[in-house]
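Engineer: Provided herewith is a single structure, encoded as structure tokens, for subsequent inquiry.
The values are calculated or read from the model by the stated rules, or taken from the named source; none is laboratory data. As the structure is a computational prediction, the values presented were derived from the model and not from experiment. Cβ: placed from backbone, ideal geometry, glycine included. Neighbour counts: every protein chain shown. Accessible surface is based on the protein model in full, side chains and every heavy atom, while ligands, DNA and RNA are left aside. Shrake-Rupley method; radii C 1.70, N 1.55, O 1.52, S 1.80 Å.
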Amino acid sequence: MSSQAVFVLALLPEVVVLVGTCALMIVDLRVKGERRTVSFVLAQVVLLAAAAATVFVQWASGATRVYLFHDLFVSDPMSNVLKFAAYVAVAAALVYSRQYLLDRGLLRGEFMTLLLFALLGMMVMMSAASFLTVYLGLELLSLCLYAMVALNRDSASSVEAAMKYFVLGALASGLLLYGMSMIYGATGTLTLAGVAKHAAGLAGQASDRTFLVFGLVFVVAGIAFKLGLVPFHMWIPDVYHGAPTAVTLVIGTAPKLAAFAMAMRLLVNGLLDLAYDWQQMLAVLAVLSMALGNIAAIAQTNLKRMLAYSTIAHMGFMLLGLLSGVVGTSPTDVNTLNRYDAHSAAMFYTIVYVLMSLGAFGMLVFLSRAGFECETLDDMRGLNRTSPWFAFVMLVLMFSLAGVPPTAGFYAKLSVLSAAVNAGQIWLAVVAVLLSLVGAFYYLRIVKLMYFDEPREAGPVPGHPEMRVLLSANGLALLVIGILPQPLMSLAYAAIRAL
């Protein structure tokens, strides 16, 4: 295939999602049924078509990077792998959330439309090659999520959570934009390739480099907010708790893939010559996030808040791989021998975390029904008596989140810890292991409640058949990846190596 054809087709997945979402908005106006079967099927078809387009683009371009629109947009293996993972997460979120929203009168075309537009924002972030594209994708994603949190307009807690998310999100976007403007002032370019080139040339100019590092601080703050890292974590527990559980499921899964891509693009692609500086910042953020996330989760009785603090801790773990990709003791003594292994471990960890979070929040949605929210620890009591199979699925999910073998979570944690040790960050690996042991308590507490306590209510567990099948597949996938992690790990490694 000619290079010009590849150039034109590189944007095909984004075009498919955009056109499909616009078509969904029009079609949904004519849909009358409460289950919105036509809209639901069309949304899944759009995701399937986007996945097929992504596979085609990857096949057509091979392992090469294709730049579009004067280096504003890039199509490469990393973006394509993350996009495919995002399609899977969004498709699963649609299946999980359908019955939950229907029971509460919230299953409307707005939810599916906002979800697909949020996916488009994630895709733009994953393929961003310029500060402008990063910010465009980030704002498209954020605005859709703000609206989704307030989907239940009659709920005071949902509206309050949406307002908190909006105000703090706007503040974080301002910090990120300010940092980008300072880097632009120091380098004179907005493209990440141009920033990397100019940053390397400023190594011997103390004043300009100081200005660049000052901008880097604000950029790292913006990334930390989107990942939910301490001390920029304050929105996560309140938003996860206040939003409808189906929306919490969306916020806690696919956007993490986009946030990881944003961190890779900005820090590794654009500011690698400042790695000595951002490596130290990420190390502090990682320790604080793992400590506060794991310790605060122990005190929670609400499952959504517990999983919110768990998210903070897991993103701290992911940073171990991200910061371990650069080994050095000073700004002039930096090498990247560990980069491929460490960054592929961080990518693998992010994908596995999204799968675990999908299953955990999916279980809460599955156990909820009209007039009842599965939100507290007491709601998990005696699940093994009422539904042994789904108690086992929840056990696998909790073991994976805790990092117990042979689940995927164990191998994910092992890979980032190995990367930290290989980078000479042994103290960081030791701290992570100790805090991971602390975090195991609140996961295993749920297992104890399911298997050793009496159920609050007798009778079978409700749930739509498609949810039962998908939730079972979700749990078993974590077991399969834990036993055979090499295919996914190799895919992540190949994607990072091509980056």
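Engineer: With angles folded into 0 to 90 degrees, how steeply does helix 426-452 sit against the dominant principal axis of the chain? Use alpha carbons for both and round to 10.
Structural biologist: Once rounded, the angle reads 10 degrees.
Engineer: Here is a further query. Could you point to the residue in L107, M125, A93 farthest towards the positive end of the stretch 91-238's charge dipole, with +1 and -1 charges on the Cβ of Lys/Arg and Asp/Glu respectively?
Structural biologist: About the Cα centre, the residue reaching furthest to the positive side is M125.
Engineer: Within the chain, what whole-number % of the accessible surface is contributed by carbon and sulfur, with the 1.4 Å probe and all protein chains included in the calculation?
Structural biologist: On the way: 12640 of 18380 Å².
Accessible surface attributable to carbon and sulfur in the chain totals 69 percent.
Engineer: Could you work out the local net charge near M363, counting Lys and Arg as +1, Asp and Glu as -1, over the other residues with Cβ closer than 14 Å to its Cβ? Could you put the intermediate results ahead of the total?
Structural biologist: Working: positive: K304, R369, R468; negative: E373, E375, D379.
The answer is 0.
Engineer: Calculate how steeply helix 486-498 sits against the longest principal axis of the alpha-carbon atoms of the chain, using the helix alpha-carbon long axis, and give the answer as 0 to 90 degrees to the nearest 10.
Structural biologist: The angle comes out at about 30 degrees.
Engineer: To continue, here is another question. What value in Å³ per residue do you get for the convex hull of the alpha-carbon atoms in the stretch 63-156?
Structural biologist: Numbers: hull volume 8.5 nm³, N = 94.
Hull volume normalised by residue count: 90 Å³.
Engineer: Jot down the radius of gyration and Dmax of the stretch 114-197, Cα atoms only, both in angstrom.
Structural biologist: Cα-based Rg and Dmax for the stretch 114-197 come out at 15.3, 52 Å.
Engineer: Oh, and also: Over 23 Å between Cα atoms: which of K164/K448; K164/K256; K83/K226; K256/K304; K304/K448; K83/K197 fall into that group? Before the final figure, lay out each step's value.
Structural biologist: On the way: K164/K448 34 Å; K164/K256 19 Å; K83/K226 18 Å; K256/K304 17 Å; K304/K448 18 Å; K83/K197 27 Å.
Correct reply: K164/K448; K83/K197.
Engineer: Another question, then. On a straight-distance basis, which aspartates and glutamates could pair with K413 in a cross-link, Cα separation under 17 angstrom, same-chain partners fewer than 8 positions away excluded?
Structural biologist: Result set, ordered by chain and number: D341.
Engineer: Using only the alpha-carbon atoms of the stretch 253-404 as identical scatterers, what base-10 log of I(q)/I(0) does the Debye formula give at q = 0.13, 0.18 Å⁻¹?
Structural biologist: -0.67, -1.05
Engineer: When the gyration tensor of the stretch 250-333 is built from Cα positions, what are the square roots of 5 times its three eigenvalues, in whole Å, from largest to smallest?
Structural biologist: Values: eigenvalues 159, 48, 9 Å².
For the stretch 250-333, the semi-axes come out at 28, 15, 7 Å.
Engineer: With just the Cα atoms defining each centre, how far is the stretch 222-282 from the stretch 148-204? Give it in Å.
Structural biologist: Cα centroid of the stretch 222-282 versus Cα centroid of the stretch 148-204: 11 Å apart.
Engineer: Right, here's the next one. Does anyone have the angle between helix 206-227 and the longest principal axis of the chain? Alpha-carbon axes, 0 to 90°, nearest 10?
Structural biologist: Taking Cα atoms only, the helix is inclined about 10 degrees.
Engineer: Evaluate the Kirkwood expression for the hydrodynamic radius of the chain, namely the inverse of the mean inverse distance over all pairs of different C-alpha atoms, and round to one decimal in Å.
Structural biologist: Details: mean 1/r = 0.0438 Å⁻¹.
Final number for the Kirkwood radius of the chain is 22.8 Å.
Engineer: Hey, what number do you get for the chain at 222 nm if only DSSP H runs of n ≥ 4 count, each worth -39500 (n - 2.57), divided across all residues, to the nearest 500? Display every interim value, and only then the final one.
Structural biologist: Values: 21 runs with 369 residues, N = 499.
For the chain, the value works out to -25000 deg cm²/dmol.
Engineer: Put Y493, Y240 in order of accessible area, largest first, 1.4 Å probe: what do you get? Intermediate results must be reported in sequence, preceding the final value.
Structural biologist: Numbers: Y493 80, Y240 0 Å².
Listed by decreasing accessible area, they come as Y493, Y240.
Engineer: Something else now. What does the stretch 270-314 give for Rg and for Dmax, in Å, if only its C-alpha atoms count?
Structural biologist: 14.0, 44
Engineer: Quick check for me: using +1 on Lys/Arg Cβ and -1 on Asp/Glu Cβ, what's the dipole size of the chain about its Cα centre, in debye to the nearest 20? Present the calculation step by step, with values, prior to reporting the outcome.
Structural biologist: Numbers: 28 positive and 24 negative charges, 107 e Å.
My answer is approximately 520 debye.
Engineer: May I have the extent of the alpha carbons of the stretch 362-499 along their three principal axes, as whole Å values ordered from largest to smallest?
Structural biologist: Principal-axis extents of the stretch 362-499 (Cα, largest first): 53, 31, 24 Å.
Engineer: Find how many whole Å separate the alpha carbon centroid of the stretch 65-102 from the alpha carbon centroid of the stretch 340-384.
Structural biologist: Using only Cα atoms, the two centres lie 20 Å from each other.
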